[in-house]
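The next block holds one structure in the form of structure tokens; read it before the comments.
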Amino acid sequence: MHVADKDLTTSLAEQADGLTAAVYARFETALSPSRWLGPLGNYLIARPAARAAALNVQERTDVPLDAAVVLGLTDAELHVWAADPMLSHVNDHLGSVPLERVAGVSAEVGKSWWPLKLELTDGESVEMSARGDVRAFVAAFEQRAGRPAV
């Protein structure tokens, strides 16, 4: 389904009861600049490299991932949907991770894509780039963790 950044939370709330924040996220690799070549560069070069990176992180962390995803927060879980941010398209729900496994969520300010880091309680981390209301996503996690938003 086609979903604009501003509508992610409301559109996906039907699939994940209690969803309070959601963002598009993607993996960056050495081949990511090939996105500038347009759809062919994205789908034939950048996306396969990002998918391989995502699968590597998934094997290491047990977090369901793909080259590009939507990350959504509820009171108890971090939900993950496959996505195509280039088309603002959300695909199948890949799964979820209990928030007890997530030790922290942080982001650095960027132009359209912000570096986003999910830190897991076992010491592993997932580093991606996110777009949309990233600040609200981080604040929603901090609120659930009982920490003041930064």
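The values are calculated or read from the model by the stated rules, or taken from the named source; none is laboratory data. Worth saying up front: this structure is predicted, and the values here are computed from it rather than measured. Just the protein is used for accessible areas: all its heavy atoms, side chains included, with ligands, DNA and RNA removed. Shrake-Rupley method; radii C 1.70, N 1.55, O 1.52, S 1.80 Å.
What the table below lists for this structure:
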{"read-out": "Solvent-accessible area per residue, Å², over the chain with all protein chains present [probe radius 1.4 Å]", "value": "51 Å²"}
{"read-out": "Rounded to 10°, Cα long-axis angle of helix 134-144 versus longest principal axis of the chain", "value": "30 degrees"}
{"read-out": "Sorted largest first, extent of the chain alpha carbons per principal axis (Å)", "value": "43, 32, 27"}
{"read-out": "Residues whose placed amide H lies under 5 Å from that of Val3, excluding near-sequence neighbours", "value": "His89, Val90"}
{"read-out": "Using θ = phi - 60° and Karplus 6.51 cos²θ - 1.76 cosθ + 1.60, couplings along the stretch 103-116 (whole Hz; Gly, Pro as x)", "value": "7, x, 10, 9, 9, 10, 5, x, 6, 9, 10, 9, x, 10"}
{"read-out": "Accessible area, probe 1.4 Å, largest first, for residues Thr29, Thr74", "value": "Thr29, Thr74"}
{"read-out": "Rounded percent of accessible protein surface that carbon and sulfur make up, the chain, 1.4 Å probe", "value": "54 percent"}
{"read-out": "Three-way shape label, the stretch 1-68, alpha-carbon gyration tensor, a/c 1.5", "value": "oblate"}
{"read-out": "Helical contribution to [θ] at 222 nm, DSSP H n ≥ 4, -39,500 (n - 2.57), averaged over the chain, rounded to 500", "value": "-6000 deg cm²/dmol"}
{"read-out": "Area accessible to solvent at Asp66, 1.4 Å probe radius, in Å²", "value": "20 Å²"}
{"read-out": "Stokes-Einstein D for the stretch 87-126, Kirkwood Rh over Cα pairs, 4 °C, 1.567 mPa s (µm²/s)", "value": "106 µm²/s"}
{"read-out": "Per-residue SASA entry for Leu94, accessible area with 1.4 Å probe, Å² rounded to 10", "value": "70 Å²"}
